[in-house]
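Asker: Before I ask anything, here is the structure I am working with.
The values are calculated or read from the model by the stated rules, or taken from the named source; none is laboratory data. If you're wondering where the values come from, they're calculated on a predicted model, not measured in any experiment. Ideal geometry is used to build each Cβ from the backbone, glycine not excepted, and the neighbour counts take in all protein chains shown. Ligands, DNA and RNA are stripped out before the accessible areas are found, and what is left, the full protein with its side chains, is counted by its heavy atoms. Shrake-Rupley method; radii C 1.70, N 1.55, O 1.52, S 1.80 Å.
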Amino acid sequence: KDLPNVRVAPDIVFSMDTSNVKITNRNRAIISVISCDYKFNGKYVEEYEEKIIELIKFLQEKEYEICLMSFCKKEKDEEAIEKILKKCPVNLKEKIQTYYYRGNVEEALNIIGDSKLVIGSRFHANIIGMVLGKAIIPILYSDKTKHVIEDMGVDVKMMDIRDMDKFNIKEITEEDLNNVIDVTKQKEESK
């Protein structure tokens with residue numbers, strides 16, 4: 001359960017060795033997806049899926065390649081991606097890549113490393129994105145990501161699944177899409 005003022009320390013992620021990860025600034029957005037069916041017993045499903053599709057369209061208009069990424073098959077991330085893809089028009093779907101994490105950490109890190117932006121529903125997508133020098137836009141399903149961002153004292157645009165209707169995609173600025181957070185201090189502190 002999320003508790004106010006309790007820090008969820010991603011020290012292991014901040015201190016992991018990423019020296020073998022190929023880092024690019026490819027105009028690609030990684031969107032980590034969760035299953036609202038799994039996380040919320042079906043609540044927020046429609047709003048979440050529609051907002052992800054709206055994000056895809058928005059980013060494609062800005063000439064981003066899109067990769068929908070699953071971090072957890074057990075929690076039905078892959079099923080959520082498939083449901084989103086089924087709702088996409090054919091011309092949109094044809095341009096969407098997918099990546100389903102199946103335990104190969106190095107491969108997953110390289111997928112994220114070969115991007116410019118991470119829109120993360122998963123906590124670890126956001127943290128890894130920061131560690132690899134990517135701009136992030138978290139999609140919160142709980143408050144743990146928000147608490148880490150607040151603890152770091154940085155300003156990042158965030159969406160909340162529990163209030164998706166309050167988030168206007170068109171308010172995402174070029175600054176938001178390029179807002180790379182310097183985590184040098186956190187990397188040092190995690191040692």
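Asker: Confirm whether F40 is of a type in the set (F, W, Y), surrounded by fewer than 17 Cβ atoms within 10 Å (Cβ to Cβ) and modelled with pLDDT under 95.
Answerer: Spelling it out, F40 is indeed of a type in the set (F, W, Y), surrounded by fewer than 17 Cβ atoms within 10 Å (Cβ to Cβ) and modelled with pLDDT under 95.
Asker: Still on this structure, please answer the following. Restricting to segment 10-23, and then to whatever is surrounded by fewer than 13 Cβ atoms within 10 Å (Cβ to Cβ) and assigned to a loop (DSSP other than H, G, I, E, B), can you tell me which residue is modelled with the highest pLDDT?
Answerer: Once the filter is applied, the top-ranked residue is K22.
Asker: Being under 17 Å from K43 (Cα atoms) and of a type in the set (A, V, I, L, M) is the filter here, so list the residues in segment 127-144 that pass it.
Answerer: I139, L140
Asker: Show me the strands (runs of 3 or more DSSP E) entirely contained within segment 57-172 in which 1 or more residues are open to solvent by 60 Å² or more (accessible area, probe 1.4 Å).
Answerer: 65-70, 96-100
Asker: What are the residues in segment 67-122 that are β-branched (V, I, T) and under 17 Å from R28 (Cβ atoms), if any?
Answerer: I81, I96, T98, I111, I112, V118, I119, listed by residue number.
Asker: Okay, next question. Mind counting the residues in segment 30-49 that are in a helix (DSSP H, G or I), without any contact (Cβ under 8 Å) to a residue 60 or more places away in the chain and over 15 Å from the mean Cα position of the chain (by Cα)?
Answerer: Just the residues of segment 30-49 that are in a helix (DSSP H, G or I), to begin with: 36-40, 45-49.
Narrowing further to those that are without any contact (Cβ under 8 Å) to a residue 60 or more places away in the chain: 37-38, 45-46, 49.
Right, trim to over 15 Å from the mean Cα position of the chain (by Cα) and you get 37-38, 45-46.
Within segment 30-49, residues that are in a helix (DSSP H, G or I), without any contact (Cβ under 8 Å) to a residue 60 or more places away in the chain and over 15 Å from the mean Cα position of the chain (by Cα) number 4.
Asker: Looking at I161, is it touching a residue at least 40 places away in the same chain (Cβ under 8 Å), in contact with a Ser or Thr (Cβ under 9 Å, 6 or more places away or on another chain) and hydrophobic (A, V, I, L, M, F, W, C)?
Answerer: Taking the combined requirement at face value, the residue satisfies it.
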